[in-house]
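Visitor: There's a structure below that I have some questions on.
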Amino acid sequence: MKNHRELGALLQVLLLCSMVSSAGGEKLRIGTSADWEAWQRPGNAIEISRGKAGPRFVRRNIDAVANIGDFGGGIRAAGSNGGDAGNLIDGSLGSFWVPDWDDELENMYVEVDLGRVVSARRVVLQLREDGPPLEFLQVLLSNGERFFDSTGLPRPSTVRYSDRFRYSFNQQRELVIEYGLKPLQFVRIQVELPTAGAGISSLAVEAVGDNIALGIRERGGWVDILNEIGTRAEGYESTGNSNALIDGDIVSSWRYWGFSQPGDTEFTFDLGALYWVDRVRILGDLAGIAPSSVDWRWTRRNAIHFPWYILWGSDGSLAPDGSLRWQVLGELPEHPRNLRDIVHFEEQFSLRPLRYLRMRYPNRQCCITGTTAEFQIFGEGYPAGAILQSPIYDLGAVCNATGLSWQVEAPAGTRIEIRSRTGNLLEESYVFHDKNGKEVTERKYNKLIPSFKGWIDTVRTPGDDWSIWSQAYERAERGFLSPTPRRFVQLRASLLSDDPMQRAVLDELVLSYAEPLAAATRAEVYPIQAQPGQRTEFTYYLGWDVSVGSTGFDQLLMRSGADIELGELRAEGQVLDVEITRVDGGLDIAFADPFVRAGLIELDFASTIYRQQMPFEAFLASGREGRQVRQRVDAGDASDVVASEAIAVSLPVGSALIDGLALSAALLTPNGDGIGDRLGIEFALLNVLQPRLLHVALYDLSGRKVRVLHDQQQTAGPITLNWDGQDESGQMAAPGNYILRVEVQGDAQKHKTTKIIALAY
């Protein structure tokens, strides 16, 4: 047993064990299985092997015996020769189980527990090859149903075998039982007469596939049950009740009994990761309800299923109002036979990525028991999306994170998005346990006698000063994207795939850090609003502090998605002599002398803004010893002259995506005289952050398309086109008026604008 101080020390060792020194700085290297095991991840959606972390494949058509141990299954009992019973489920045909022929006949059995209920196609027994076939035996199958006591409660240690298959004078080496996708959890093999030299090599249970519903909560997902929808009694059920739908135990079914105000019930599932799904089975077995009971209401004769239902799915994308986008996956039309004649319901659909499932059905019969035993969710392929999050890494002191590099495997159709956040403050909370490991409140823990007290876990979470998650890292050369210098760092990786047969794998992450160039930085731009597409003059204020460990800087790197036309630079009222290098995405500014004391720089520049919240980022840099070290500049109050505290420029609030459509002339006259032969068309795309289809075309007044001028993906910025008067076939269009139409796809709808163009010869 360890107290929270000991655990905290262990955690500190864990977080520092991969940190190594290097010339010019330190490195935090994450690349072993132990490193990845420390990351928070969505349960069985991710596997870690040989120092790599990647999505786990979801299989079709599995042998449910092969991974029996993952669900706590195995040999349940063996009446004879129990030491060899494990040979039935070891995957080898060379080993076998055979009872002791001297035992009593009633003891010549073995029972196997699959650990969870599966939808079984067939059960296959392989008999020993180097001996005679076992001639007389029975195979008994159970979905997990128990025997019930006189009060109507199931007896936990019992199993009721409802299906029996008898073999007499058998001469087959392979025995196949077709089971028709019925639920199955337990298999019992009973030898009825000795056959000297015979034995059973293996047991296989061919099932639909890996059930994605198992492990939902371990992946960070959840299940909600909302009852009596649309009535005054509408409300959610407890977590304990909803667990019955996904626990792999057909006995622990979810039930209702005659609501006070009948209304619809809705099940909602968060799978915890984005899976490829194409099949949902809803098991309605009554195995958890007693055939008879002292309370007649809870008997099987009062049990029903769904009059109708609708099943929806969502990949997690949001509608314009912020709610999940849902698509209908299946629907059960209303029919009286649904209530009792159908036990297992199933919906199949094309394979698609889904994170959420939702099913609604009515509960409108009072004093009737409704039951849903188990949800099973199937698909195939690597998850389309899964997120891993690192522990909080302690750099040991306030340091300048200089870069993040990575080694990944990302075949076509896959990608990995890595993000970071940083801070200096941590909040600590404690989780208390009794001696059995059960979580208890602090008050209850303090009341326990010492011998009944368990361990205390210390939980560290980001404090109030932490940054939000950065944008995704596109390339290592961009440097570290979160605020720095900071003491604590946390990383997040999203593993994404558009192809169910391909996956992205994390191999190694390396965080580089060093002593800070400045103890603290702050920058702000003024003005903080501009008119779209208009050239605007700005001033950038950059201030910094130094401390004992600060090394100073001799370069300033300006980066933005907008153009930067540099003007005057000033420090303490003096114009600075600088060397400017234009690079992709901005400017590199080198100073003649390094800055080693606290100060303030004012930088004048001009730019044209085409999207909302356009950032102008800055990095301090030092190029001494031939190695450039960078430090990101924080937004903040750099100067008393302005009240901005922001490094992003906004545009006036509006929804327009197309602005300033203008023509070079009122009339196009393509007659070859060199005047008006081509018509210039200019406009700006605003606030289009991701590539969207921009379509520009000319139409005659009847609506017939004459010429397409642009039909490609485009982001925010100026657009320049021209028309020479020709149609799509290369012939001169007839004189007259034409409609110029500009269209771009927005988040919710298309945005378009038009203008009349006159053509004459």
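Laboratory data are not the source of any read-out in this text; all were calculated from the coordinates shown. It should be emphasised that the depicted structure is a prediction, and the values quoted were computed from it without experimental measurement. Positions of Cβ are backbone-derived with ideal geometry, glycine not excepted, and every protein chain shown enters the neighbour counts.
Visitor: Which of (i) -0.25, -0.36, -1.23; (ii) -0.28, -0.40, -1.28; (iii) -0.42, -0.59, -1.28 is the computed log10 I(q)/I(0) by the Debye sum over Cα atoms at q = 0.05, 0.06, 0.11 Å⁻¹ for the structure on display?
Guide: Of the listed options (i) -0.25, -0.36, -1.23; (ii) -0.28, -0.40, -1.28; (iii) -0.42, -0.59, -1.28, (iii) comes from this structure.
Visitor: Length gain on complete extension for the stretch Lys752 to Ile229, per 0.36 nm per residue less the alpha carbon to alpha carbon distance?
Guide: Using 0.36 nm per residue and subtracting the Cα-Cα distance, I get 184.2 nm.
Visitor: For an R0 of 41 angstrom, estimate the FRET efficiency from the Cβ-Cβ distance between Arg166 and Trp326 and round to the nearest 0.05.
Guide: According to the calculation, E is roughly 0.25.
Visitor: Additional query: Given a Förster radius of 56 Å and the C-beta distance between Leu667 and Leu181 as r, what FRET efficiency does 1/(1 + (r/R0)^6) yield to the nearest 0.05?
Guide: Working: r = 74 Å, r/R0 = 1.31.
Calculated transfer efficiency: 0.15.
Visitor: Taking the alpha-carbon distance from Lys435 and a cut-off under 28 Å, which lysines remain once sequence neighbours fewer than 8 residues away in the same chain are dropped?
Guide: Leaving aside lysines fewer than 8 places away in the same chain, those within reach of Lys435 are Lys2, Lys444, Lys447, Lys453.
Visitor: Between the helical axis of 4-16 and the dominant principal axis of the chain, each derived from Cα atoms, what acute angle in degrees is found, rounded to the nearest 10?
Guide: Long axis of 4-16 versus the principal axis of the chain: about 60 degrees.
Visitor: Moving to a separate point now. Using the basic label-point model (7 angstrom from Cα toward the beta carbon), what is the Leu600 to Arg704 distance in nanometres?
Guide: Here the answer is 6.8 nm between the modelled labels.
Visitor: What spacing in nm lies between the two simple spin-label points modelled at Val459 and Arg60, each 7 Å away from Cα in the Cβ direction?
Guide: It works out to 4.1 nm between the two label points.
Visitor: Which one of Pro500, Gly144, Ala648 has its Cα pushed farthest toward the positive end of the charge dipole of the chain, where Lys and Arg give +1 and Asp and Glu give -1 at the Cβ?
Guide: So the residue we want is Gly144.
Visitor: Nearest-5 percent of antiparallel DSSP beta bridges in region 217-380? It would help to have the intermediate numbers written out before the result.
Guide: Working: 45 of 48 bridges.
Just about 95 percent of them are antiparallel.
Visitor: Sticking with this structure for a sec: Ranked highest first by average number of other Cβ atoms within 10 Å, how do 47-60, 506-519, 132-145 line up? Don't skip to the answer; put the middle values down first.
Guide: Values: 47-60: 17.5, 506-519: 22.0, 132-145: 20.3.
Order by mean packing, descending: 506-519, 132-145, 47-60.
Visitor: How far apart, in nm, are the 7 Å Cα→Cβ label points at Ala196 and Ile580?
Guide: That separation, rounded to one decimal, is 10.2 nm.
Visitor: A further question follows. Report the gain in length on full extension from Ala412 to Trp308: 0.36 nm times residue separation, minus Cα-Cα distance, nm rounded to one decimal. Kindly include the intermediate steps, with their values, before the conclusion.
Guide: On the way: separation 104, 0.36 × 104 = 37.44 nm, distance 4.22 nm.
The Ala412-Trp308 span can extend by a further 33.2 nm.
Visitor: How many angstrom lie between the C-alpha centres of region 98-112 and region 152-192?
Guide: The two parts, judged by their Cα centres, are 16 Å apart.
Visitor: If you don't mind, another one. Using the number of other C-beta atoms within 10 angstrom as an exposure proxy, rank Asp545, Asp285, Asp640, Asp659 with the fewest first.
Guide: Values: Asp545 13, Asp285 21, Asp640 8, Asp659 17.
Ordered from fewest to most neighbouring Cβ atoms within 10 Å, Asp545, Asp285, Asp640, Asp659 come out as Asp640, Asp545, Asp659, Asp285.
Visitor: Quick check for me: using +1 on Lys/Arg Cβ and -1 on Asp/Glu Cβ, what's the dipole size of region 63-209 about its Cα centre, in debye to the nearest 20?
Guide: Details: 13 positive and 21 negative charges, 132 e Å.
Computed about the Cα centre, the dipole is about 640 debye.
Visitor: Can you give me the C-alpha center-to-center distance between region 547-609 and region 42-82, rounded to a whole angstrom?
Guide: So the separation of the two Cα centres works out to 58 Å.
Visitor: Please give me the summed charge of the neighbours of Gly730: other residues whose Cβ is under 13 Å from its Cβ, Lys and Arg +1, Asp and Glu -1. Working shown, then result.
Guide: On the way: positive: Arg707; negative: Asp724, Asp727, Glu728.
Local charge sum for Gly730: -2.
Visitor: Pull up the DSSP beta bridges for the chain and report the antiparallel fraction as a percent, rounded to 5. Present the calculation step by step, with values, prior to reporting the outcome.
Guide: On the way: 223 of 230 bridges.
Here the antiparallel bridges make up roughly 95 percent for the chain.
Visitor: Considering only the other residues whose Cβ falls under 10 Å of the Cβ of Val159, what net charge follows from Lys and Arg at +1 and Asp and Glu at -1? Kindly include the intermediate steps, with their values, before the conclusion.
Guide: Numbers: positive: Arg76, Arg146, Arg155, Arg160, Arg188; negative: Glu111, Asp113, Glu145.
That works out to +2.
Visitor: Do the sum for the chain: with -39,500 (n - 2.57) for every DSSP H run of n ≥ 4, divided by all residues, what is the mean residue ellipticity at 222 nm, to the nearest 500 deg cm²/dmol? Each step should come with its number before you reach the end.
Guide: Details: 5 runs with 33 residues, N = 761.
Taken over the chain, the calculation gives -1000 deg cm²/dmol.
Visitor: Right, next: Can you tell me how much longer the chain between Asp507 and Ala760 gets when fully stretched, taken as 0.36 nm per residue apart minus their C-alpha distance, in nm with one decimal? Walk me through the intermediate numbers first.
Guide: Working: separation 253, 0.36 × 253 = 91.08 nm, distance 6.46 nm.
Result: 84.6 nm gained on full extension.
Visitor: Return the percentage of antiparallel bridges among DSSP beta bridges fully within region 413-552, rounded to the nearest 5 %.
Guide: Numbers: 27 of 27 bridges.
Roughly 100 percent of the beta bridges in region 413-552 run antiparallel, per DSSP.
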